[in-house]
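The structure under discussion appears below in the form of structure tokens.
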Protein chains: 4
Amino acid sequence: MSDSGDSAQHSSQGNWGRWGAEDERGAANFISTDLVRDAAGLVRTGKVYSLSLPVQQQGVPVFPRRAPCLHFMTLDGGDYAAGLKRKAGYQSADDYISLPTHGTTHIDSLAHVWYDDRMYNGYLGSLVRSTGARKLGIDKLKHLVGRGVLLDLAGWKGLRHLPGGAVITVDDLKGCARHHGVELNPGDIILLRTGWQTVFREQGSERFFQSEPGLGLEAARFLGELGIAGVGSDNYGIEVVPTENDEPAPVHRMLIRDFGVYLIELLALDELAHGGCHEFLFVAAPLLITGGTGSPVNPLAIT
Amino acid sequence: MSDSGDSAQHSSQGNWGRWGAEDERGAANFISTDLVRDAAGLVRTGKVYSLSLPVQQQGVPVFPRRAPCLHFMTLDGGDYAAGLKRKAGYQSADDYISLPTHGTTHIDSLAHVWYDDRMYNGYLGSLVRSTGARKLGIDKLKHLVGRGVLLDLAGWKGLRHLPGGAVITVDDLKGCARHHGVELNPGDIILLRTGWQTVFREQGSERFFQSEPGLGLEAARFLGELGIAGVGSDNYGIEVVPTENDEPAPVHRMLIRDFGVYLIELLALDELAHGGCHEFLFVAAPLLITGGTGSPVNPLAIT
Amino acid sequence: MSDSGDSAQHSSQGNWGRWGAEDERGAANFISTDLVRDAAGLVRTGKVYSLSLPVQQQGVPVFPRRAPCLHFMTLDGGDYAAGLKRKAGYQSADDYISLPTHGTTHIDSLAHVWYDDRMYNGYLGSLVRSTGARKLGIDKLKHLVGRGVLLDLAGWKGLRHLPGGAVITVDDLKGCARHHGVELNPGDIILLRTGWQTVFREQGSERFFQSEPGLGLEAARFLGELGIAGVGSDNYGIEVVPTENDEPAPVHRMLIRDFGVYLIELLALDELAHGGCHEFLFVAAPLLITGGTGSPVNPLAIT
Amino acid sequence: MSDSGDSAQHSSQGNWGRWGAEDERGAANFISTDLVRDAAGLVRTGKVYSLSLPVQQQGVPVFPRRAPCLHFMTLDGGDYAAGLKRKAGYQSADDYISLPTHGTTHIDSLAHVWYDDRMYNGYLGSLVRSTGARKLGIDKLKHLVGRGVLLDLAGWKGLRHLPGGAVITVDDLKGCARHHGVELNPGDIILLRTGWQTVFREQGSERFFQSEPGLGLEAARFLGELGIAGVGSDNYGIEVVPTENDEPAPVHRMLIRDFGVYLIELLALDELAHGGCHEFLFVAAPLLITGGTGSPVNPLAIT
């Protein structure tokens, strides 16, 4: 079978081959229907939190080499005010958006990052072309629904935000979870609140993207080996910047490519943290962009 | 208060004023936290259905005057194959999308349709300008989470699809619900399966958009007065075309503008219907497009 | 005739009514076929200068509230390197651009700026709607071809660039023209070299858009009354910033709306200035964007 | 020098190596400054013809797999009618366009088509990546200015349009030129009027793109060897469809890749043909899209 990877050869790496040579959903497979049902059982208050930033051109963080999110009105109330005729009184407005898939709160597909020419499960990187990712596109995920766990690292440490460059360690994950009274389990989606968006709001884009507190390699491996399905954060790239080994995105490489774990970036976590609920039904439903390397998403915490 | 509507004057119409003169969420307010919790209690198997069409340029229905969804790769595996250097082995792919907010499976905001220059709750249509809807944008909804009910009208009638122009009546809604053994309750999100996408697949775009089976005015009023939060369908516009009064979109006007009900269009309902589950936790999380008249969305049925 | 302006009432203002109540080409009408022929007669060396900045996302000035120019490849050589099959050996590449019409070197249409609800020739501003400008769109210009005159103000004054806020006066225009040995005539397109792009290159975008040297109101009136067809510059907005009266864009209002003169902004004039030719055949051919308020353009000086 | 082609090896093919191994302008080099000056001397009446179709979403031909041209207003007169405040009376409108570079009247860059992994002058096709063409981009052309010759083949043959599939031969070129009393010379830009857009207007897009009359291989070679700089037409792809050898685009391959000739497609030639002028100053000024495979363009015939 020409397109699939040589999984036998790579089976020692993370989760390659764990769900068959044809698998394209990666660590989302950890979430059995039983786990989904259990996660639904966590809903106690019925309060729903949106974890997305607003999608707009100004006032939101966009990674420097990416373009801003654009929103165009193709019909609006101004047209009627200017004299546009109504058919039998009907009035409507319509619009159009243009944005990078990683340009606001988003989820990375497993086709977003790789190395040695092999993506997750051994698929060739060359399957990602101008027409999109023939394998591992975000459309293959369809949904990420399971138990969400909020680790409010900034809150736990009594800081408005972790400092840029601060490495989140295994001890941090465990200590913070213990503090909140929650366990970390296979299939979980772990949300890490660093408070880093404070820097964007108070010091601007340049400082925000210059560094960030985030997951270190040891903690990434711990989460990968634990069998989590996804990890999200309110920073822009999950992982600590500058990276521990000075190479680009080592945590992305390990989690996405080796473990098939989904990364959810630029989350809005303040309101959820303020609510004080640390385990909940987590729902992320990416747009089913055929062959997409990611999707903007409005993840929900149903508590 | 200049921007809000004159709710007293219009309070006889649908739900205007029901949640205060400042309300921008409309019938989503029917979904109390209790109802969300109850809806989470409907999760029995843990199976999750995505109700979205793929987001892609070809092979999917787009309303004639709208533009197709576009997907551009800004970095891909081909670049590495062509010789792009890797920093310390790192490889990645990135992309960009451009699409009408109503160009694939989507949810209408309450700023999408109105008449007499007044939108839901009395807000002036002139608040919707080139910079977006200052009131009632899709960002105000944040999420639509509650009890979903699937009424498989085509299946109930033993048809591959209802015929174009077929009016869904109150008796249809009640009869189909009885057939499935489900009740219709306030706060519900009702999904109507007409099978109409069969026409797109077999006869193409022109025939698909020429007419459609859909909700009639009587049934729309029934649902509005019942207090549903949203209604979705696998057709392109929820309501029957040609419309019963030959005017444009009378059901949109009534449900969106008078009742503040959310319409979810171009749903993919076949797999859910095949699954045979008729009540479930429904989750739609629109992109929080500031001032958007709608949003592409990947709604989920968690069963 | 409902759409046309009330030209009689406004005939005292600039060129309204000069070419009839239906006119949409404004001062381009000054360029008779005789003047075009004469301008072609200015071609002596056959050397052609492009006066456009590159169209690209990075490294070029874009007015802060506008979006950058984007360029997407929809098929490229990387795809073949990655294994894309060729039909009978055929290989090709294709692409797509997205940009503000005023986002790079561009020409303003007469629908770009107005006041008192009336555009050039009395057309109502309310004719410019979400579907574009029903009157005075850039498609009505079709072309701007005539005698071009380069006034190298920075060079004349021995400066790398005029300072931000420096007002170009009538005396400057006359003195610089005399220095170059050229006359300013009706129908001309006058190009003003300020050197201001030096500030963009050396000090960045923020400083570049904070102020600029440019045409003052007196000189604008002089040019309008002289009967020029267009005026271009290497700055971002032709006119001096801060403006002389602290109001937004008084020169735009006067030249575009009162006189129907075309403004061409963000020109690349260094190479032409270095060439030392001060009168030439000027050719600007905007994209015929139906109802556009402007168009990106690559103006040429054929010397 | 790694990026340039191995021109020695390919020198027998067309114009490779003719202007040095570093050349990226191809047959545009045939147009010496003397030829530009001579072409300017062809201007007799001063009448200027725009040869571009309108740039708009509907009613214009767009090749099926490409996207339509989109035009969005970001500020318009409707906004003021709806109550937008004016700063000191200032009113303006602004807009944004999105379009395929080959989606309306356009010029192909030399990076648009190739075979055997080598583009014009031996440059590797793999230099064309997601960030654009590192060699032979349309920005390298800058302008195409020279003697234009209109061959009105449909008019000469007394047809409203040549039939689909009709091959334009060397005899056609010579016979038509003789009929018009014009010569075909090195450095010329030859415009072929087939009348084919009649089919679009009368029979729609599907028939228009199913076939077309156009240049055959023999005539293409004749033009290439003659040393023309460019060839344009009112059809969508210059060359006859179905192609003579049933392979994709053999004329593109020969003219663009072997001879470095510029192709200009979807021209509007009816008005020029009606004017009866067959030699003129031709000016095409592409947008300087860095690394573009083409550019929308509004070519002018200055007669």
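The values are calculated or read from the model by the stated rules, or taken from the named source; none is laboratory data. Bear in mind that the values here come from a model prediction, so they are computed numbers and not experimental data. Here the Cβ is made from the backbone with ideal geometry for all residues, glycine too, and neighbour counts use every protein chain on show. Ligands, DNA and RNA are stripped out before the accessible areas are found, and what is left, the full protein with its side chains, is counted by its heavy atoms. Shrake-Rupley method; radii C 1.70, N 1.55, O 1.52, S 1.80 Å.
See the values below:
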read-out	value
Residues of segment B:1-43 classified as at pLDDT below 95, open to solvent by less than 70 Å² (accessible area, probe 1.4 Å) and among the polar types (S, T, N, Q), total	4
Search result, residues across segment C:208-219 that are hydrophobic (A, V, I, L, M, F, W, C) and out of contact with any strand residue (DSSP E or B) (no Cβ under 7 Å at 6 or more places or on another chain)	C:PHE208, C:PHE209, C:LEU217
Among (1) assigned to a loop (DSSP other than H, G, I, E, B); (2) within 26 Å of C:HIS106 (Cβ to Cβ); (3) out of contact with any helix residue (DSSP H, G or I) (no Cβ under 8 Å at 6 or more places or on another chain); (4) open to solvent by 10 Å² or more (accessible area, probe 1.4 Å) - the single one D:HIS102 does not satisfy	(4)
Flag for C:GLY78 being open to solvent by less than 20 Å² (accessible area, probe 1.4 Å), within 27 Å of D:GLY46 (Cβ to Cβ) and of a type outside the set (Val, Ile, Thr)	no
Check on A:VAL149, touching a strand residue (DSSP E or B) at 6+ places or on another chain (Cβ under 6 Å), within 28 Å of B:VAL43 (Cα to Cα) and modelled with pLDDT of 95 or more	yes
Residue in segment B:66-88 that is farther than 30 Å from A:TYR123 by Cα, of a type outside the set (Gly, Ala, Ser) and under 23 Å from the mean Cα position of the chain (by Cα) present	yes
Meets criteria (among the hydrophobic types (A, V, I, L, M, F, W, C), free of Cβ contacts under 8 Å to residues at least 40 places away in the same chain, open to solvent by less than 10 Å² (accessible area, probe 1.4 Å) and more than 11 Å from every other protein chain (Cβ to nearest Cβ)) for C:VAL231	no
Near pairs, Cβ below 7 angstrom, 6+ apart or cross-chain, from segment C:65-87 (in a loop (DSSP other than H, G, I, E, B)) to any residue that is buried (at least 24 other Cβ atoms within 10 Å of the Cβ) and among the hydroxyl-bearing types (Ser, Thr, Tyr)	C:CYS69/C:THR104; C:ASP76/A:SER130; C:ASP76/D:SER130
Flag for A:SER92 being open to solvent by less than 10 Å² (accessible area, probe 1.4 Å), hydroxyl-bearing (Ser, Thr, Tyr) and either at the interface with another protein chain (Cβ under 7 Å from one of its Cβ atoms) or touching a helix residue (DSSP H, G or I) at 6+ places or on another chain (Cβ under 7 Å) (or both)	yes
Residue, nearest to C:ALA229 (Cα to Cα), within segment C:266-293, restricted to residues that are surrounded by fewer than 24 Cβ atoms within 10 Å (Cβ to Cβ) and not hydrophobic (A, V, I, L, M, F, W, C)	C:GLU279
Residue within segment D:245-255 that is closer than 22 Å to D:MET119 by Cα, of a type in the set (Val, Ile, Thr) and assigned to a loop (DSSP other than H, G, I, E, B) present	no
Filtered residue count, segment B:124-141, keeping only those that are over 22 Å from the mean Cα position of the chain (by Cα), assigned to a strand (DSSP E or B) and under 18 Å from C:VAL128 (Cα atoms)	1
Sole residue being open to solvent by less than 30 Å² (accessible area, probe 1.4 Å) and free of Cβ contacts under 8 Å to residues at least 24 places away in the same chain, chosen from D:GLY224, D:GLY175	D:GLY175
Matching option when the condition is more than 27 Å from B:GLY227 (Cβ to Cβ) and not in a helix (DSSP H, G or I), among B:GLY187, B:GLY164, B:GLY146	B:GLY164
So B:THR131, is it modelled with pLDDT of 95 or more and buried (at least 24 other Cβ atoms within 10 Å of the Cβ)	no
Residue pairs meeting the criteria (Cβ under 7 Å; at least 6 apart or on separate chains; first under 30 Å from C:ASP38 (Cβ atoms), in segment D:16-43; second of a type in the set (Asp, Glu) and open to solvent by less than 30 Å² (accessible area, probe 1.4 Å))	D:ASN29/D:ASP23
Residue that is farthest from the other protein chains (Cβ to nearest Cβ) [pool: residues in segment B:20-71 that are among the basic types (Lys, Arg) and touching a Gly at 6+ places or on another chain (Cβ under 9 Å)]	B:ARG25
Unmet requirement for C:PHE209, which otherwise passes all of (1) closer than 25 Å to C:ARG65 by Cα; (2) assigned to a loop (DSSP other than H, G, I, E, B)	(2)
Every residue from segment A:256-294 that is of a type outside the set (A, V, I, L, M), within 8 Å of chain B (Cβ to nearest Cβ) and either closer than 24 Å to A:GLY155 by Cβ or not in a loop (DSSP other than H, G, I, E, B) (or both)	A:GLY294
Any pair with Cβ under 6 angstrom, 6 or more apart, that starts in segment B:260-278 at a residue that is farther than 18 Å from B:PRO54 by Cβ and ends at one that is open to solvent by 10 Å² or more (accessible area, probe 1.4 Å) and part of a strand (DSSP E or B)	B:ALA273/B:ASP152; B:ALA273/B:ARG193
Members of segment C:143-161 found to be aliphatic (A, V, I, L, M), open to solvent by less than 10 Å² (accessible area, probe 1.4 Å) and over 15 Å from C:GLU271 (Cα atoms), listed by number	C:LEU144, C:VAL145
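Quick grid of which residues meet (1) on the phi < 0 side of the Ramachandran plot; (2) within 7 Å of another protein chain (Cβ to nearest Cβ):
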site: B:MET73; (1), (2): yes, yes
site: B:GLY77; (1), (2): yes, yes
site: B:LEU84; (1), (2): yes, yes
site: B:HIS106; (1), (2): yes, no
site: B:ASN121; (1), (2): no, no
site: B:LEU141; (1), (2): yes, no
